[in-house]
Amino acid sequence: MLTIAGLSKRYAKGDKALDDVSLSIPAGQVVGLIGPSGAGKSTLIRCVNRLVEPTSGSIRLGDTEITRLGGMGLRRARRRMGMIFQEYALVERLTVMENVLSGRLGYVGFWRAFLRRFPQADVDRAFAVLDRVGLMDHVDKRADELSGGQRQRVGIARALVQQPDILLVDEPTASLDPKTSRQIMRLIVEVCAERRLAAIVNIHDVALAQMFVQRIIGLKAGRTVFDGPPEALDTDV
Ligand code: ADP
Ligand code: ADP
């Protein structure tokens, strides 16, 4: 589903943040991206959604070469990527349901729909994902009334409702306690399997990654230093 080949990124000042990274992630597979701070994990994820411009290399999502897209093509490609963030990035004064629907429609479309009500099909799909992430009792609560774990469930629902092909997940549990972190990781891995979604999860907690993902990619100074199943991981990577 996602194929990265020879990807490099050099920021205006500094060494290469990514140096010739290649990897391929099939549908349904969750990859845990690990490595020390500064290894290039965020840069890799941001190259895929083009928040960061790659210096060279290829990124294909299905048949689409992401690195060559601009304008409308890029917006369309980004809709196929569900983003999940460490700090959730919810709109605090909107309800759970409104936050989830904002993912379906995109920011501009969201406000347009806000004025003329949401299409029923979108509402139905939002209910379905909210049910799946266990938030049916909270759909009308404001985002700022929720616990951290509930907030991340909204983040997951918002990513899923747009029916993406891949999830790009940046430190989803960094603001959560250990038990909630495990619940959130389990949920991400399960929904990816159910929906045959590929996922890259940038995860600072190696033990947590080993517990839940089928495949770990280790980065160090912008290079791939490990790619394999969790049980093969050397502890010093
Ligand atoms: P990680 O997510 O693994 O902590 P990053 O991708 O954030 O790593 O950073 C990789 C390297 O790129 C680091 O050396 C970091 O300082 C550098 N870097 C990240 N973002 C920028 C930027 N916007 N401008 C310049 N250097 C950056
Ligand atoms: P994280 O620890 O989550 O990787 P950082 O604290 O490293 O985040 O980076 C926070 C922000 O600063 C990011 O947007 C990153 O791109 C940017 N950044 C990181 N390193 C540099 C750098 N050397 N120069 C400029 N911007 C940077």
For Lys141, list the lysines whose Cα falls under 27 Å from its own Cα; do not include residues on the same chain fewer than 8 positions away. Lys179
A chain fully extended from Thr55 to Asp15 at 0.36 nm per residue, minus the present Cα-Cα distance, gains in nm 13.2 nm
Quick one: length gained pulling Arg186 to Asp131 fully straight, 0.36 nm per residue minus the C-alpha distance? 18.2 nm
Would you calculate the convex hull of the Cα atoms in the chain and tell me its volume per residue in Å³? 125 Å³
5 Å is the cut-off here: which amide hydrogens, built 1.01 Å from N in the peptide plane, fall below it relative to Phe226, excluding neighbours closer than 5 in sequence? Gly218
Give the dimensionless ratio obtained when the Cα radius of gyration of region 179-237 is divided by 2.2 N^0.38 Å. 1.15
Computed P(r) (all Cα pairs; region 139-197; 5 Å bins; percent): 4, 17, 30, 24, 17, 7, 0
Could you pull out the trypsin sites (Lys or Arg not before Pro) across region 24-99 that fall in loop regions by DSSP (anything but H, G, I, E, B) with no more than 10 other Cβ atoms inside 10 Å? Arg93
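Provide the gained length on full extension for the span Ala89 to Lys220, in nm with one decimal, where the gain is 0.36 nm per separating residue minus the Cα-Cα distance.
On the way: separation 131, 0.36 × 131 = 47.16 nm, distance 2.78 nm.
Stretched fully, the Ala89-Lys220 segment lengthens by 44.4 nm.
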GluC sites (Glu not before Pro) within region 69-99: DSSP coil, no more than 15 neighbouring Cβ in 10 Å: Glu87, Glu92
Based solely on C-alpha atoms, express the radius of gyration and the Dmax of region 1-98 in angstrom. 14.8, 43
Inter-part distance where region 34-67 and region 8-23 are each reduced to a Cα centre, Å: 10 Å
Residues of the chain: accessible area per residue at 1.4 Å, in Å²? 47 Å²
Can you return the lysines within cross-link range of Lys41? Criterion is Cα-Cα under 23 Å, with same-chain partners fewer than 8 residues away left out. Lys9, Lys13, Lys16, Lys220
Enumerate the helices in the chain for which the Kyte-Doolittle hydropathy averages -1.0 or more and the C-alpha atoms extend at least 24 Å along the helix's axis, using complete DSSP H runs. 178-195
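The values are calculated or read from the model by the stated rules, or taken from the named source; none is laboratory data. Computed from a predicted structure; not experimentally measured. A quick note on method: Cβ atoms are made from the backbone with ideal geometry, for glycine too, and the neighbour counts reach across all protein chains shown. Areas reflect the complete protein model, heavy atoms only, side chains present, ligands, DNA and RNA absent. Shrake-Rupley method; radii C 1.70, N 1.55, O 1.52, S 1.80 Å.
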